[in-house]
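Here is the structure we will look at.
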Amino acid sequence: GAGVSQSPSNKVTEKGKDVELRCDPISGHTALYWYRQRLGQGLEFLIYFQGNSAPDKSGLPSDRFSAERTGESVSTLTIQRTQQEDSAVYLCASSPLAGINTGELFFGEGSRLTVL
Amino acid sequence: GNSVTQMEGPVTLSEEAFLTINCTYTATGYPSLFWYVQYPGEGLQLLLKATKADDKGSNKGFEATYRKETTSFHLEKGSVQVSDSAVYFCALIGNTGFQKLVFGTGTRLLVSP
């Protein structure tokens with residue numbers, strides 16, 4: 001597709017369950033980012049992938065959170081043993097090589113996670 | 001660390017009214033500044049940017065000027081339309097090494113006919 005695609009768009013889960021969120025970046029974009037937006041708060045950086053380099057995981061809030069990306073393709077964000085405070089919209093963004101450090105990111109519509 | 005503060009919403013205006021959404025920032029060095037917009041049912045998209053002091057970013061009738069002396073990047077539009085109803089996010093990125101885009105909390109704008 002033409003834009004960043006995320007799935008599922010909505011996910012309701014029970015506390016303690018694992019969830020997996022998927023992001024399909026724009027074809028050819030080497031950089032991929034995950035952000036989280038809790039209700040009433042700004043976007044919180046989680047993790048950044050750039051090509052085959054080691055990812056920047058500095059924003060992951062706990063070891064329950066992990067993310068993978070193979071090459072320049074799809075990324076999955078996994079949250080294990082979900083807690084109610086994990087409820088948020090998880091946003092994925094990608095950028096071409098020229099866009100890195102210019103702040104020009106292309107965002108998906110997000111995956112809304114609700115943990116009961 | 002770097003941070004962005006923007007005015008809380010919602011901002012409610014009538015069509016053709018003048019819009020200002022305030023944004024101030026804290027950063028070391030000379031960051032680049034951005035406004036992103038999220039229309040209902042869509043992903044965030046870049047609205048405008050400015051990369052150095054006194055630069056003015058503009059797009060779709062919106063403008064923002066990078067004011068280093070007041071560490072501000074206020075968003076303005078002279079005459080809003082109903083179609084401008086959206087959530088607006090101010091953001092910055094540092095200028096050394098890899099820097100993550102840092103966002104404000106967003107301001108919802110509601111424009112009525």
Of the residues that make up segment A:23-39, is at least one within 14 Å of chain B (Cβ to nearest Cβ), more than 24 Å from residue B:45 (Cα to Cα) and surrounded by fewer than 18 Cβ atoms within 10 Å (Cβ to Cβ)? no
As an exercise: evaluate residue A:69 against (1) charged (D, E, K, R); (2) without any contact (Cβ under 8 Å) to a residue 60 or more places away in the chain; (3) under 27 Å from residue B:105 (Cβ atoms) and give the number of the one condition it does not meet. (3)
Residue ID - most open to solvent (accessible area, probe 1.4 Å), chosen from residues in segment B:1-19 that are within 12 Å of another protein chain (Cβ to nearest Cβ) and in a strand (DSSP E or B): B:5
For segment A:65-116, which fully contained strands (runs of 3 or more DSSP E) count at least 3 residues that are within 14 Å of chain B (Cβ to nearest Cβ) and within 28 Å of residue B:32 (Cα to Cα)? A:88-95
The lone exception for residue A:71 - which of (1) farther than 13 Å from residue A:21 by Cα; (2) open to solvent by 40 Å² or more (accessible area, probe 1.4 Å) it fails: (2)
When every residue in segment B:41-59 that is within 21 Å of residue B:86 (Cα to Cα) and out of contact with any strand residue (DSSP E or B) (no Cβ under 7 Å at 6 or more places or on another chain) is compared, the one most open to solvent (accessible area, probe 1.4 Å) is B:42
Breaking point among (1) open to solvent by 10 Å² or more (accessible area, probe 1.4 Å); (2) under 22 Å from residue B:33 (Cα atoms); (3) touching a residue at least 24 places away in the same chain (Cβ under 8 Å), for residue A:42: (3)
Please work out which residue is farthest from residue B:16 (Cα to Cα), limiting yourself to segment B:61-113 and to residues that are small (Gly, Ala, Ser) and in contact (Cβ under 8 Å) with a residue 60 or more places away in the chain. B:94
Being free of Cβ contacts under 8 Å to residues at least 12 places away in the same chain, more than 26 Å from residue B:41 (Cβ to Cβ) and within 14 Å of another protein chain (Cβ to nearest Cβ): is that true of residue A:56 here? yes
Contacts under 9 angstrom Cβ, first residue in segment A:1-22 being closer than 13 Å to residue A:89 by Cα and more than 13 Å from chain B (Cβ to nearest Cβ), partner of a type in the set (Phe, Trp, Tyr) and open to solvent by less than 100 Å² (accessible area, probe 1.4 Å), 6 or more apart: A:21/A:34; A:21/A:90
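The values are calculated or read from the model by the stated rules, or taken from the named source; none is laboratory data. Keep in mind that what you see is a predicted model, and the values were worked out from it rather than measured. Please note: Cβ atoms are built from the backbone with ideal geometry, for glycine as well, and neighbour counts cover all protein chains shown. For the accessible areas, the whole protein counts, side chains as well, though only heavy atoms, and no ligand, DNA or RNA atoms are used. Shrake-Rupley method; radii C 1.70, N 1.55, O 1.52, S 1.80 Å.
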